[in-house]
Amino acid sequence: MALLTPANHSTTLFTLRGFPGVEAAHCWIGLPIFSAYLFAVLGNCAILYIIRAEPSLHQPMYYFLAMLATTDLGLCLTTVPTVMGVLWFQLRKISRRSCITQIFIIHTFSFMESAVLFAMALDRFLAICVPLRYTALLTTSRVARIGLVLLLRSTLLLIPSLYFLLQFPYCPVATLSHSYCVHQDVIRLACADTTITSYYGLTLILLTMGSDLLFILISYSLILKAVLGMASGNEGHHKALGTCVSHLCAVLVFYIPVLGLSVAHRFGKHTSPFLHIIMGNIYILLPPLMNPVIYSIKTKQIYSRIMRIVSFKRG
């Protein structure tokens, strides 16, 4: 790799971009984004509160759901305030170290969410395919250890990329294409050979999110085979399918924006900047916003507890 030590001309500030060409409408554009942000924060906090307060939800499936809600909270709390600073207060400048720190946190939560979705698929596989051994295999302590391993995987693998980003010199004109910092966006501003770190980033995504998605697909193929082997009309048949629907929706809500943003950055260099900006905002807002809705609708205990809270407040 050429030149890892920052040159004297290397910029220490990056410029964040809002919606180019419609700067006068930034205040109005910020309203739906901020509304989605509030709903996402309140929804995920409600999920965490209900799981903690409801003894019937102290099960592996809901512990993993709590991990998912925590990662969703981390993702939107790390990014949306920066976006709102750009749209509402014209705070477009961000220091290089702050930007790289934000990249590290964003990608940690993204890798963690992918890993938790895989763990939830494994949970459903064990519950449906080997129900008699489920409670013995997924004890509370084992779920906690799984969560710790997933967190370590999500952070430690990012350290080499973080090191390279800190060492690169950056061009004096350093305008990012989003209202927050993204790895692919920052690396294109480096005034150095970025081949190694680009390949490392691609390999990292394939080995983490790619393998997680592959194992999720394998798990659900085995689950589908097991469910189809049950007697037609069996109550367990419908219950087993019902427990998987919400998780499959969460998988789609997470992976579709991730794939869309990756494709836009790698193959859409000549497309409209609005595409990148819109995909970037969908990536940080859609999973945190939709996951509480999905699990509230499809999980009877969570839905009934929310209805009790709402009824109490109305009374």
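Read the figures in this text as sums done on the coordinates, not as results from a lab. Quick caveat: nothing in here was measured; it's all calculated off a predicted structure. Neighbour counts are summed over all protein chains in view; Cβ atoms, including those assigned to glycine, are modelled from backbone coordinates with ideal geometry.
Return the whole-Å distance between the Cα centroid of the stretch 198-229 and the Cα centroid of the stretch 112-169.
The two parts, judged by their Cα centres, are 13 Å apart.
Tell me, what ³J(HN,Hα) does each residue in the stretch 64-81 have, in order and in whole Hz, if you take phi through Karplus 6.51 cos²θ - 1.76 cosθ + 1.60 with θ = phi - 60° and put x for Gly and Pro?
5, 5, 5, 4, 5, 5, 5, 5, 5, 4, x, 5, 6, 5, 7, 10, 5, x
For Ala250, what is the net charge nearby, where nearby means another residue's Cβ is under 14 Å from its Cβ and Lys, Arg count +1, Asp, Glu -1?
On the way: positive: Arg124, Lys298; negative: Asp72, Glu113, Asp123, Asp212.
Taking every Cβ under 14 Å from that of Ala250, the sum is -2.
Determine, for Ser304, Ser56, the number of other Cβ atoms within 10 Å of each Cβ, and report the residues in order from fewest to most. Mind dumping the intermediate values first?
Details: Ser304 12, Ser56 9.
So the residues, fewest neighbours to most, are Ser56, Ser304.
Please compute the net charge surrounding Arg142, taking Lys and Arg as +1 and Asp and Glu as -1 over other residues with Cβ under 15 Å from its Cβ.
Every neighbour counted, the sum reads +1.
In terms of the Cα gyration tensor, with a ≥ b ≥ c the square roots of its eigenvalues, is the stretch 18-154 rounded because a/c is under 1.5, prolate because a/b exceeds b/c, or oblate?
Prolate shape, in that a/c is at least 1.5 and a/b is the bigger ratio.
Tell me the label only: which of (i) 5, 25, 33, 23, 9, 3, 1, 0; (ii) 6, 23, 26, 20, 13, 9, 3, 0; (iii) 6, 24, 31, 22, 12, 4, 1, 0 is P(r) over Cα pairs in 10 Å bins from 0, in percent as calculated from this structure?
Checking each listed value against the structure points to (iii).
Please arrange Phe254, Phe118 by how many other C-beta atoms lie within 10 Å of their C-beta, fewest to most.
Placing the least packed residue first, the sequence is Phe118, Phe254.
Taking H as built 1.01 Å from N, whose amide H comes closer than 5 Å to the amide H of Lys93, not counting residues under 5 places away?
Leu16
Helix-only mean residue ellipticity at 222 nm, the chain, DSSP H runs n ≥ 4 weighted -39,500 (n - 2.57), per residue, nearest 500. What is it?
Taken over the chain, the calculation gives -25000 deg cm²/dmol.
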